[in-house]
Amino acid sequence: MFELTDVTKSFGELCVLQPTTLRMEQGASTVLIGPSGCGKSTLLRMLVGLLKPDGGTIRFANEFLTPQTLPSQRLRMGYVIQDGGLFPHLTVAQNLSLMPKQLEWNQTRIDQRIDELMDLTRLPKETRHRFPQQISGGQRQRVGIMRALILEPDAILLDEPMGALDPMVRYELQEDLRQIFRTLNKTVVMVTHDLGEAEFFGDTICLLYGGKILQKGTLQDMATSPASPYVTSFLKAQR
Ligand code: ADP
Ligand code: MG
């Protein structure tokens, strides 16, 4: 679904990503993990086309990301950030309606789709007409996920979606999210700094450090045959 070839990215003097080549298969879930500041969000933003690589190429569904193709490619990717990224001055329903309205869906179709997603994400019906500040953090995150799913994208990309939640809410959302992804059979790319979450969601885990993917595989692989001493200390620090 995503294919990166020799992708590089720097901010001024700071090299965030050395030449990186990576494939993410359709229907699989890939987790990007690593310490704060290692470039996880930067990599994710390049995948959704919010940032342009300095070098190399990115393909989505066999098509290069280019300024010309990006607008239609973006419609096939759902992007979720911490705390949902909702507009505070719009109600839940208004937030969810933005993209469908741009695509000129009629109101009946929009309402039906919102109903389906409310069921899927287990949000109470009355949250529909509330503003983001009037619902809980966990509910805001569910709305963020609904918004990412509303156009039925092929891939969903999530940047620390559970980062701002307390443990119990986080646990419930993890369980629900995994169920949703399985049901919908989506390609998932998730950023986290939590090893437990990485193991829970990732078919494949990529550990980023020092501007590169130090190791790609399962947690088991990393524990039994670490690619470098850093991998071992990263795992230890999180246990
Ligand atoms: P992570 O998500 O892994 O915590 P980021 O991808 O957000 O890391 O950032 C990687 C590095 O790039 C950090 O050192 C960060 O300060 C820097 N960085 C990120 N975005 C920018 C930007 N727009 N301009 C300058 N530096 C940036
Ligand atoms: Mg980040």
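If the cut-off is 19 Å between C-alpha atoms, which lysines fall inside it for residue 236, apart from same-chain ones fewer than 8 positions away?
Cα-Cα hits under 19 Å: 216.
Once every DSSP H run of n ≥ 4 in the chain is given -39500 (n - 2.57) and the sum is divided by its residues, what mean residue ellipticity at 222 nm do you get, rounded to the nearest 500 deg cm²/dmol? Write out the running numbers ahead of the final one.
Values: 9 runs with 92 residues, N = 239.
For the chain, the value works out to -11500 deg cm²/dmol.
Hey, with R₀ at 45 Å, roughly what FRET efficiency would residue 232 and residue 66 work out to, going by the Cβ-Cβ distance, to 0.05?
Values: r = 40 Å, r/R0 = 0.90.
Calculated transfer efficiency: 0.65.
How long is region 46-163 along each principal axis, judged by its Cα atoms, biggest number first, in Å?
The Cα atoms of region 46-163 stretch 47, 34, 24 Å along their principal axes.
Taking springs between alpha-carbon atoms closer than 10 angstrom, which of 106, 95, 185 fluctuates most in the Gaussian network model of the chain?
Highest fluctuation among the options: 106.
Which FRET efficiency, nearest 0.05, do residue 75 and residue 51 yield, Cβ-Cβ r, R0 22 Å?
Details: r = 18 Å, r/R0 = 0.84.
According to the calculation, E is roughly 0.75.
Tell me the relative contact order for the chain as a rounded percent, counting alpha carbon contacts under 8 Å between residues six or more apart. Each step should come with its number before you reach the end.
Numbers: 402 pairs, mean separation 66.7, N = 239.
In percent, rounded to a whole number, it is 28.
Between residue 5 and residue 36, how many nm apart are label points set 7 Å from Cα along the C-beta direction?
The answer from the label model is 3.8 nm.
Rounded to the nearest 0.05, what FRET efficiency do residue 169 and residue 98 have when you use their Cβ-Cβ distance and R0 = 25 Å?
After rounding to 0.05, the efficiency reads 0.45.
Please enumerate, by chain and number, the lysines with C-alpha under 21 Å from the C-alpha of residue 52, excluding those fewer than 8 residues away in the same chain.
9, 40, 212
Please figure out what share of the DSSP beta bridges in the chain is antiparallel and state it in percent, rounded to the nearest 5. Show your work: numbers first, answer last.
Values: 19 of 36 bridges.
Percent antiparallel among DSSP bridges in the chain is about 55.
Cα centroid distance between region 119-155 and region 195-223, in Å?
One Cα centre to the other: 29 Å.
In region 1-89, with Lys and Arg counted as +1 and Asp and Glu as -1 at Cβ, which of these residues, 18, 56, 84, has the Cα nearest the positive end of the dipole, that is, farthest along it?
Farthest along the dipole direction, towards plus: 84.
Angle, helix 107-120 long axis vs. longest principal axis of the chain, Cα atoms, 0 to 90°, nearest 10?
Between helix and principal axis, roughly 60 degrees.
Label-point separation (nm) for residue 14 and residue 225, each offset 7 Å from Cα along Cα-to-Cβ?
Those two pseudo-labels are separated by 3.5 nm.
Could you please state, rounded to a whole Å, how far the C-alpha centre of region 162-194 is from the C-alpha centre of region 59-102?
Measuring centre to centre over Cα atoms gives 19 Å.
Each value in this text was obtained by applying a stated rule to the coordinates, not by laboratory testing. Predicted, not measured: the structure shown is a model, and the values here were computed from it. All Cβ positions, glycine included, derive from the backbone under ideal geometry; neighbour counts span all protein chains shown.
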